[in-house]
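Novice: One structure, as structure tokens, below. Some questions next.
The values are calculated or read from the model by the stated rules, or taken from the named source; none is laboratory data. All values reported here derive from a predicted model rather than from experimental measurement. Note that we place each Cβ from the backbone using ideal geometry, even for glycine, and neighbour counts take in every protein chain shown. All accessible areas refer to the heavy atoms of the entire protein, side chains included, with ligands and DNA or RNA removed. Shrake-Rupley method; radii C 1.70, N 1.55, O 1.52, S 1.80 Å.
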Amino acid sequence: MSVLIDNTDLTLRLAGHFREAEALLASGSPELMNLPRKKAFQDFIAQGIPTRKSENYKYTNLQPAFAREYHFLHQRPKIDFKPGEIFRCDVPQLDTHLVILLNGWYYEENSPLAGLPDGVFLGSLEEAARKYPELVAQHYGSLAETVADPLVALNTALARDGYFLYVPKNVRIDKPIQVINLLLADSDAYVTQRNLVVAEPGAEVKLILCDHTLNLNNYLNNSVTEILIDENASVDYYTIQNQHNQSASVNSVYIRQMENSHVTTNTISLHGGLIRNNLKVIIDGENSEANVYGMTFLDRKQHVDNFTQIVHAKPHCQSNQLYKNVLDEESSGAFTGQIYVMRDAQKINAYQRNNNLLLTDKALMQTKPQLIIEADDVKCSHGATIGQIDEEALFYLRARGIEEKQARLMLMNAFAYEVIRQVKVEPLRDRINELIEKRLRGEISRCHECAYHCNC
Amino acid sequence: MLSIKNLCVSIEGKEILNGINLEINPGEVHAIMGPNGSGKSTLANVLAGKEEYEITDGEIYYLGENLLELSPEDRARKGIFLSFQYPVEIPGVPMINFLKTAVNEHRKFKGEKPLTAGEFLKLMREKKQLVEMDTELTNRSVNEGFSGGEKKKNEIFQMALLQPRLAILDETDSGLDIDALKTVAHGVNALRSPENSTIVVTHYQRLLDYIVPDHVHVLYKGRIVKSAGKELAFELEEKGYDWIKKENED
Ligand SMILES: Nc1ncnc2c1ncn2[C@@H]1O[C@H](COP(=O)(O)OP(=O)(O)OP(=O)(O)O)[C@@H](O)[C@H]1O
Ligand SMILES: [Mg+2]
């Protein structure tokens with residue numbers, strides 16, 4: 001049996017839904033989130049749900065995910081349990097300021113502000129938009145352009161909540177901030193999450209995002225995060241994706257950084273049915289550096305697509321992109337890495353590398369570098385490899401008495417090591433190594449304390 | 001201990017070994033010499049279980065067992081150790097993890113308890129001294145950035161940790177300076193016992209001053225064309241291989 005999915009129908013179905021929900025969305029939301037809704041929705045309709053013909057989505061088919069029926073969670077969920085009780089991320093020695101979001105909503109009983117330096121805000125975006133309307137309005141939607149991506153448009157049209165982090169001038173937050181995104185609904189659910197991070201001049205913060213599903217319902221998660229990094233500021237942004245194989249997730253992260261700033265992102269995808277990670281970094285100040293890393297493990301019929309854009313708008317900057325994939329069984333992966341060096345951005349070093357390990361004949365990897373260089377004094381390199389396990393290395397390990405299966409694990413871990421060592425929070429790095437080890441052994445790699453031991 | 005009969009091996013349809021016969025008894029040291037490309041490393045790799053070779057004929061028995069039926073890891077755990085001519089670099093696999101896993105897999109096979117971290121470090125310290133291995137090297141990934149000589153030393157270091165019954169040293173002397181050569185030879189000799197045997201593949205008689213062979217064989221075009229005592233090594237050193245080649249012209 002085959003079901004013909006018509007893209008226009010799906011888009012229209014969402015249009016109908018939007019009209020029904022518009023009043024509800026508007027009534028509960030702060031003004032500044034309502035303002036862009038209508039235009040955002042028009043932008044979504046104009047672009048439609050991407051098809052393989054859409055240049056930026058040609059390796060990822062979102063239509064089957066959109067074709068399912070979902071409940072939309074437009075209102076803050078009423079819950080009769082404490083998320084913190086059914087889910088504790090049990091990372092030994094990982095001392096963090098921890099907050100939980102449930103289905104895209106900031107959980108009210110989080111109380112992270114206690115240990116944070118004065119002036120820092122970490123909380124609900126909806127709440128922040130009411131409390132600090134000028135601050136939020138100044139940045140909300142400033143990077144995530146609704147005309148450029150239909151999913152960003154849809155997110156902006158439906159956005160109700162997410163987290164907001166504000167780090168004032170010259171404030172350093174030593175302990176990492178950990179945001180746990182839980183998906184747990186009674187039925188199949190469409191989830192929208194909208195986040196905003198503002199790091200003022202000289203601010204320093206490390207963020208750890210953990211994406212989890214807590215039951216086996218189908219989820220379609222569409223989140224957008226805007227991160228503004230002012231001069232001399234530094235932001236580390238680690239994402240660990242660990243959702244089940246029936247979930248689909250589109251995460252769009254937009255970063256703009258100013259003079260003398262640093263950003264490091266590291267996206268580690270351990271599990272998920274379909275994951276699309278959009279990442280755009282605009283380096284808009286001199287002497288700045290962006291390091292963008294990703295490590296993905298895939299098996300069964302999973303699909304992960306990393307789509308990155310680095311825009312060099314100012315001279316004397318450096319960017320590094322390193323993405324690696326291990327693909328097993330019938331999984332598929334994609335990497336598109338754009339480097340755009342604008343005309344006046346001289347003395348730029350921009351590096352990009354994508355290495356892939358295919359463990360079966362059926363696994364598929366598509367990789368595409370895109371370089372647009374308008375300046376003339378630029379050092380730019382890119383490279384992609386798709387290969388198998390190094391047989392010489394495998395034999396060396398086996399010749400020392402190490403079981404073939406174990407030897408393969410060691411080599412896969414070694415492959416990932418180049419990316420994982422870039423995680424600068426040591427306990428987190430150890431934990432990730434542990435999760436990878438379990439992931440590669442075929443054990444479920446979720447945190448031990450998860451009360452839902454779902455077999456997915 | 002090891003009995004090779006009429007071993008014929010080819011790779012990609014090309015015959016490399018054609019009819020090797022070799023008997024090695026416990027406690028013996030056999031040197032294998034021969035011109036470049038004659039098949040010495042091929043023989044060593046086949047003994048260790050490298051899979052890309054096709055065994056077209058013959059048999060190998062090791063401690064009474066059909067060696068060709070064993071996986072490389074089982075051969076290793078049953079006491080075969082190959083010191084590689086070209087040890088491979090494996091970035092991302094830390095030396096310590098690798099060594100500890102290897103040692104404990106050997107122990108598990110023998111029904112022994114795995115070493116604790118402390119016990120393992122102690123063992124490692126002891127063996128490092130034996131081959132004068134630089135501590136900094138064991139903090140790296142396997143062979144990563146090691147110099148040619150350091151790689152060879154590392155092979156003997158692993159051998160000292162794993163205590164094999166049959167060690168096969170494929171040109172372990174090449175690339176070693178004179179002091180390192182003595183140290184490595186010392187490491188090899190420390191392991192010698194009436195039960196253990198060694199196959200030394202080398203181009204130079206010099207190594208055989210330190211690791212004294214009971215038998216010397218010349219491998220040429222995939223066959224052992226001459227076998228004698230250690231005096232053969234001196235003769236080869238002096239005269240080269242031309243006379244051997246002449247003797248074996250069809
Ligand atoms: N994978 C391979 N594919 C094709 N030919 C091979 C392969 N491995 C070995 N050979 C060939 O087999 C022959 C024997 O090689 P081998 O490495 O055993 O020689 P060797 O005696 O160890 O030489 P050397 O003294 O230079 O180390 C050579 O001609 C070599 O080119
Ligand atoms: Mg050789």
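So that you can scan it fast, the table gives a plain yes or no per residue for (1) within 16 Å of ligand 2 (Cβ to nearest atom); (2) surrounded by fewer than 18 Cβ atoms within 10 Å (Cβ to Cβ); (3) at pLDDT 95 or above:
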residue: B:139; (1), (2), (3): no, yes, no
residue: B:174; (1), (2), (3): yes, yes, no
residue: B:202; (1), (2), (3): yes, no, no
residue: B:234; (1), (2), (3): no, yes, no
residue: B:246; (1), (2), (3): no, yes, no
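Novice: Here's another thing I want to ask about it. Does region B:95-113 include one or more residues that are at negative phi, surrounded by 14 or more Cβ atoms within 10 Å (Cβ to Cβ) and either away from chain A (no Cβ under 13 Å) or not in a helix (DSSP H, G or I) (or both)?
Specialist: no
Novice: What's the number of the condition residue A:360 fails, among (1) part of a loop (DSSP other than H, G, I, E, B); (2) over 17 Å from residue A:389 (Cα atoms); (3) not charged (D, E, K, R)?
Specialist: Of everything listed in (1) part of a loop (DSSP other than H, G, I, E, B); (2) over 17 Å from residue A:389 (Cα atoms); (3) not charged (D, E, K, R), residue A:360 misses just condition (2).
Novice: Report, by residue number, each residue of region B:40-50 that is open to solvent by less than 30 Å² (accessible area, probe 1.4 Å) and small (Gly, Ala, Ser).
Specialist: Matches in region B:40-50: B:44, B:48, B:49.
Novice: Moving on. Report every pair of residues separated by at least 6 positions or lying on different chains whose Cβ atoms are under 6 Å apart, first residue within region A:408-430 and away from every other protein chain (no Cβ under 14 Å), second surrounded by fewer than 20 Cβ atoms within 10 Å (Cβ to Cβ).
Specialist: From region A:408-430, the pairs are A:423/A:429; A:427/A:93; A:427/A:94; A:428/A:94.
Novice: Check B:142, B:225, B:201 and return the single one that is farther than 26 Å from residue A:400 by Cα and β-branched (Val, Ile, Thr).
Specialist: B:225
Novice: For residues in region A:372-406 being in contact with a Gly (Cβ under 9 Å, 6 or more places away or on another chain) and in a strand (DSSP E or B), which is farthest from the other protein chains (Cβ to nearest Cβ)?
Specialist: Looking at residues that are in contact with a Gly (Cβ under 9 Å, 6 or more places away or on another chain) and in a strand (DSSP E or B), I get A:382.
Novice: Moving on. Residue B:162 is checked against (1) closer than 17 Å to residue B:87 by Cβ; (2) surrounded by fewer than 18 Cβ atoms within 10 Å (Cβ to Cβ) and fails just one. What number does that condition carry?
Specialist: Result: residue B:162 passes all but (2).
Novice: Please specify each residue of region A:247-272 satisfying the condition of being among the small types (Gly, Ala, Ser) and surrounded by 23 or more Cβ atoms within 10 Å (Cβ to Cβ).
Specialist: Selection gives A:247, A:248, A:249, A:261, A:269, A:272.
Novice: Being touching a Leu at 6+ places or on another chain (Cβ under 9 Å), open to solvent by 30 Å² or more (accessible area, probe 1.4 Å) and either assigned to a helix (DSSP H, G or I) or within 15 Å of ligand 2 (Cβ to nearest atom) (or both) is the filter here; which residues of region B:51-84 pass it?
Specialist: Correct list: B:53 only.
Novice: Restricting attention to region A:153-192, which residues are open to solvent by less than 10 Å² (accessible area, probe 1.4 Å) and either free of Cβ contacts under 8 Å to residues at least 24 places away in the same chain or assigned to a helix (DSSP H, G or I) (or both)?
Specialist: Within region A:153-192, A:153, A:154, A:155, A:156, A:157, A:158 qualify.
Novice: Can you give me the number of residues within region B:35-81 that are of a type in the set (D, E, K, R), within 16 Å of ligand 1 (Cβ to nearest atom) and within 13 Å of another protein chain (Cβ to nearest Cβ)?
Specialist: 3
Novice: Okay, moving on. Looking at region B:128-156 only, could you name the residues that are assigned to a loop (DSSP other than H, G, I, E, B) and either under 18 Å from the mean Cα position of the chain (by Cα) or not polar (S, T, N, Q) (or both)?
Specialist: B:132, B:133, B:134, B:140, B:143, B:144, B:145, B:146
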